[in-house]
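The values are calculated or read from the model by the stated rules, or taken from the named source; none is laboratory data. It should be emphasised that the depicted structure is a prediction, and the values quoted were computed from it without experimental measurement. Positions of Cβ are generated from backbone atoms using ideal geometry, with glycine treated the same way; all protein chains shown enter the neighbour counts. Ligands, DNA and RNA are excluded from the accessible area calculation, which covers all protein heavy atoms including side chains. Shrake-Rupley method; radii C 1.70, N 1.55, O 1.52, S 1.80 Å.
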Amino acid sequence: MSPDAILTALDPEQREVALALNGPVVVLAGAGTGKTRAITHRIAYGVRIGAYKPTSVLAVTFTARAAGEMRTRLRGLGVQGVQARTFHSAALRQLGYFWPRVVGGAPPRLQEFKAPIVAEAARRVGLSVDRVAVRDLSSEVEWAKVSLVAADDYEKAAYRTGREAPSGYDAQAVARLITAYEDVKTEREVIDFEDVLLMLADMLNSHKIVADEVRSQYKHFVVDEYQDVSPLQQFLLDQWLGGRRELCVVGDPSQTIYSFTGATPRHLLDFRRTFPEAQEVRLVRDYRSTPQVVNLANEVLKRAGRAGGAHQALELIAQREPGPAVAFTAYDDDEAEAKGIATRAARLIGSGVKPSEIAVLYRTNAQSEAFEAAFADAGVGYLVRGGQRFFQRKEVRDALVLLRGAARSADPAASMPDQVRDILAAAGWADQPPSARGAARERWDAMQALVSLADDLAAAATPESPATVSGLVAELDERASAQHAPTVEGVTLASLHAAKGLEWDAVFLAGMSEGLMPISLAETDDAVHEERRLLYVGITRAREHLDVSFARSRNPGGRATRKRTRFLDGLWPDEPRAPRAARARTAPKGQARTQLTGEHDAALFDALREWRREVARETDKPAYTVLTDATLAAIAEIRPSGTTELARVNGIGPAKIDRYGPTILAIVANAPAS
């Protein structure tokens, strides 16, 4: 793309980001405002006009998926050579390169999981632990390390921050455990993920030759999700910079939901104190969600008060056309809630929404069991996010072996997707999914994801760069290294924390009751404020359909003692709602309101849906982006005879009237009166 084309693809605020080529720059970007688009176009524009060498840019973020997305977008903009990595990936790469020269030999082995070492450390200091205690103590060790808190300082730091030790232990015991943990690691000659950042930062700080080499390589830095930076990550970033100011950070204080792990928005909020000359850009145009979803998200934050950061919140401005109203549902018990959500999800799938574009989000992982059972009973495929990683699944590993072997003898003139289907058929893939749920369907879903990726790569191929099996293998190898899995068809079940950075057409926020939202463990004001931000993150994952629910009791027949979350005070309709179809819809500004009864012409509605289905197929877009069911039902009820009457229908603005108006009016005119 030319420099002008790169800028033309952006809105005014995103373009301001792209033109701010020299740091320091802070971008305050609300949910769904296109921050990844802005920063990747900034890098691409800088490369295109010669302001940056691609290899001089280091872009860091917090998840392998986000880093992979950044690389994919840069590649799509014709930019190769930019390092887009997580903090840990970038640090591990540099540490492995410099270790033989500075220390000698190979670096220590990386211990991926702390639990075995924490358990041994606990035994040495006489602490009685079970599996849950080991998990909690591991988290506490990690918090201390990312917060740059040494064992000797742990008690004071915990007291100063109001952080309580894991249940059953005191601060002194945790301090002793941290010391023992480091001793066990030293004896076993292993390091953990925090050590990777610490050791590299120390190497840069104490060895000028290493610092000079890294700083001569990387001259421009971009940090995404800056509100989640820990003191340790900031310390490493400072060493990378070495006093330079070529830094662009992007973040949203309202999406700070990981403070329990040591993340702090302080670096983002104080950025202009650290760099008084910094340029600030705010992205508030929300392209992801409908006005109904955006309005709820804004209102939830407004009710936080100043102490909860309401004055720092970015008020989003919806850019999409109106969609369905947010649904609020109170169920009798958890089982009824799970079944109700599974039924509604099945209905959405029947209306054309892909299963992979639906998510059920909840506060704790323990809540997933009820939804797994309900979706299995309903015959709806699902996957639990946070379960076994895609590329670690046996069927995926076996499929990769077959694809890798076939790539060497594949016919370059044959259709790559057809070849992939033939290859995977030997691993158990078939055109149609198995009727049984469970492991058999999960295996098919995983291989179908590989088939779908092959189709996507073939669709994006060009005569100069045709799609090949070897190209698919290379793409999968890159994705495996970044843990960037292809999309698996199935409704996503995930905790609210695991949903960060993702989005779906339809989101069910389940279990929105006191004790779960906010969680009962949130005993301080700061903890409760973070729970509100977590709800905000959940709301803003939805593009069009948002369903918020809670159960009045835990078990069927139990006492209805639960109350809905306080965060929706003034927002949850406390009175029984009128049937949706019978409510009045608001016409565009300046036009008379059209009263609807819900008694629409069923035959006309079906004809309009069939027309919409054809348009969606021709334009390769989801059907709801053409017109929603609610809009089609309204048209089928009032049977407009001209554009003036059509314009009074909620959900169809001037642009869509210009595009679809004549056809819609013709369908209405040709439909017999019911």
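Some values worked out for this structure:
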read-out: Hey, ARG48 within 23 Å of VAL294 (Cα to Cα), basic (Lys, Arg) and either open to solvent by less than 10 Å² (accessible area, probe 1.4 Å) or out of contact with any strand residue (DSSP E or B) (no Cβ under 9 Å at 6 or more places or on another chain) (or both) or not; value: no
read-out: Failed item in (1) open to solvent by less than 10 Å² (accessible area, probe 1.4 Å); (2) small (Gly, Ala, Ser); (3) at pLDDT 90 or above, with ALA175 passing the rest; value: (1)
read-out: Any pair with Cβ under 9 angstrom, 6 or more apart, that starts in region 109-126 at a residue that is closer than 22 Å to MET199 by Cα and in a strand (DSSP E or B) and ends at one that is open to solvent by 30 Å² or more (accessible area, probe 1.4 Å) and of a type in the set (A, V, I, L, M, F, W, C); value: LEU110/LEU92; LEU110/PHE193
read-out: Verdict on ALA510 being under 23 Å from ALA378 (Cβ atoms) and touching a Phe, Trp or Tyr at 6+ places or on another chain (Cβ under 6 Å); value: yes
read-out: Leading residue by the ranking (nearest to ARG320 (Cα to Cα)) among those in region 265-305 that are open to solvent by 30 Å² or more (accessible area, probe 1.4 Å) and among the β-branched types (Val, Ile, Thr); value: VAL284
read-out: Residue selected from region 387-409 under the condition among the small types (Gly, Ala, Ser) and not in a helix (DSSP H, G or I), by the criterion modelled with the lowest pLDDT; value: GLY387
read-out: Hey, ALA630 closer than 19 Å to GLU321 by Cα and among the small types (Gly, Ala, Ser) or not; value: yes
read-out: Looking only at region 265-278, and only at residues there that are assigned to a loop (DSSP other than H, G, I, E, B) and not hydrophobic (A, V, I, L, M, F, W, C), the one that is nearest to the chain's Cα centre (by Cα); value: PRO265
read-out: Residue list for region 299-321, restricted to those being of a type outside the set (Val, Ile, Thr), within 22 Å of the chain's Cα centre (by Cα) and over 22 Å from TYR226 (Cβ atoms); value: GLU299, ALA318, GLN319, ARG320
read-out: Boolean, ALA51 is of a type outside the set (Asp, Glu) and outside any helix (DSSP H, G or I); value: yes
read-out: Subset of region 76-92 [within 21 Å of the chain's Cα centre (by Cα), not hydrophobic (A, V, I, L, M, F, W, C) and not in a strand (DSSP E or B)]; value: GLY76, HIS88, SER89
read-out: Top-ranked residue in region 1-18 [being in contact with a helix residue (DSSP H, G or I) (Cβ under 6 Å, 6 or more places away or on another chain) and either in contact (Cβ under 8 Å) with a residue 40 or more places away in the chain or among the polar types (S, T, N, Q) (or both); ranked as farthest from ARG288 (Cα to Cα)]; value: PRO3
read-out: Any hit, region 309-328, residues being touching a residue at least 40 places away in the same chain (Cβ under 8 Å), outside any loop (DSSP other than H, G, I, E, B) and farther than 30 Å from ARG282 by Cα; value: yes
read-out: Some residue of region 268-284 being touching a Leu at 6+ places or on another chain (Cβ under 8 Å), touching a residue at least 40 places away in the same chain (Cβ under 8 Å), of a type in the set (Lys, Arg) and more than 22 Å from ASP569 (Cβ to Cβ); value: yes
read-out: Residue count for region 625-674, restricted to those that are buried (at least 18 other Cβ atoms within 10 Å of the Cβ), out of contact with any Phe, Trp or Tyr (no Cβ under 9 Å at 6 or more places or on another chain) and hydroxyl-bearing (Ser, Thr, Tyr); value: 2
read-out: First in region 461-478 and more than 15 Å from GLY76 (Cα to Cα), second anywhere and open to solvent by less than 60 Å² (accessible area, probe 1.4 Å) and not in a helix (DSSP H, G or I), Cβ under 8 Å, 6 or more apart; value: ALA467/ALA461; THR468/ALA410; VAL469/ALA410; SER470/ALA410; GLU478/HIS484
read-out: Meets criteria (modelled with pLDDT under 95, open to solvent by 10 Å² or more (accessible area, probe 1.4 Å) and of a type outside the set (D, E, K, R)) for PHE193; value: yes
read-out: The one condition in (1) surrounded by 20 or more Cβ atoms within 10 Å (Cβ to Cβ); (2) within 15 Å of VAL223 (Cα to Cα) that ASP238 fails to fulfil; value: (1)
read-out: Close pairs (7 angstrom Cβ cut-off, 6 or more residues apart or separate chains): without any contact (Cβ under 8 Å) to a residue 60 or more places away in the chain in region 400-413, open to solvent by 70 Å² or more (accessible area, probe 1.4 Å) and among the small types (Gly, Ala, Ser) anywhere; value: LEU402/ALA426
read-out: Number of the exception - PHE62 against (1) open to solvent by 40 Å² or more (accessible area, probe 1.4 Å); (2) out of contact with any helix residue (DSSP H, G or I) (no Cβ under 9 Å at 6 or more places or on another chain); value: (2)
read-out: Some residue of region 354-366 being modelled with pLDDT under 90, touching a strand residue (DSSP E or B) at 6+ places or on another chain (Cβ under 6 Å) and part of a helix (DSSP H, G or I); value: yes
read-out: Where a residue in region 19-47 is in a loop (DSSP other than H, G, I, E, B) and its partner, wherever it lies, is open to solvent by 10 Å² or more (accessible area, probe 1.4 Å) and acidic (Asp, Glu), with Cβ under 6 Å and at least six apart; value: GLY23/GLU246
read-out: Among the residues listed as VAL300, VAL281, the single one being of a type in the set (A, V, I, L, M) and part of a strand (DSSP E or B); value: VAL281
read-out: Residue in region 151-168 that is hydroxyl-bearing (Ser, Thr, Tyr), out of contact with any helix residue (DSSP H, G or I) (no Cβ under 9 Å at 6 or more places or on another chain) and surrounded by fewer than 19 Cβ atoms within 10 Å (Cβ to Cβ) present; value: yes
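A quick yes/no check of all residues on (1) of a type outside the set (S, T, N, Q); (2) within 34 Å of the chain's Cα centre (by Cα); (3) outside any helix (DSSP H, G or I):
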residue	(1), (2), (3)
ALA133	yes, yes, no
SER139	no, yes, no
ALA157	yes, yes, no
ARG160	yes, yes, no
GLU164	yes, yes, yes
GLY168	yes, no, yes
THR179	no, no, no
ASP183	yes, no, no
